[in-house]
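The values are calculated or read from the model by the stated rules, or taken from the named source; none is laboratory data. No experiment lies behind these values; they were computed from the predicted model shown. Quick reminder, even Gly has a Cβ in these numbers, built from the backbone with ideal geometry, and neighbours come from all protein chains shown. Accessible surface is based on the protein model in full, side chains and every heavy atom, while ligands, DNA and RNA are left aside. Shrake-Rupley method; radii C 1.70, N 1.55, O 1.52, S 1.80 Å.
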Amino acid sequence: MISKHAKNLANILITSLVLVLSGNALAESPATTYKYGLKLDVAKVLSISKPKTHTCKPVDHLMKYIDSAGNIQTLKFKALSDACSKGH
């Protein structure tokens with residue numbers, strides 16, 4: 001049988017975890033579309049994602065990064081697909 005103290009501790013831990021996870025989801029801003037001359041504040045790149053395609057063409061890329069204030073940002077930009085470097 002679980003004691004009342006253990007149940008309270010478990011509830012506190014679960015509540016704390018939910019708050020941390022929801023706070024992280026809210027901290028991320030919507031994607032900004034890059035335009036020439038846009039000043040970027042990139043402290044650390046977290047990831048760059050792009051669609052897979054078999055033809056050489058410009059495609060949307062998404063870069064997630066942390067700015068100098070510690071906020072997670074997302075930047076949407078156009079770049080050539082990986083197929084261009086493979087001679088397709």
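Structure values in brief
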read-out	value
Of residues in the range 62-72 being in contact with a strand residue (DSSP E or B) (Cβ under 7 Å, 6 or more places away or on another chain) and farther than 24 Å from K52 by Cβ, the one least open to solvent (accessible area, probe 1.4 Å)	D67
Residue that is modelled with pLDDT under 95, loosely packed, with under 10 Cβ neighbours inside 10 Å and small (G, A, S), where the choices are A25, A83, A31, A6	A25
Filtered residues of the range 48-61 (kept if part of a strand (DSSP E or B) and open to solvent by less than 50 Å² (accessible area, probe 1.4 Å))	V59, H61
Pair list, Cβ < 8 Å and 6+ apart or interchain, from the range 39-64 residues that are without any contact (Cβ under 8 Å) to a residue 24 or more places away in the chain and over 15 Å from D82 (Cβ atoms) to residues that are among the aromatic types (F, W, Y) and not in a loop (DSSP other than H, G, I, E, B)	K44/Y65; V45/Y65; M63/F77
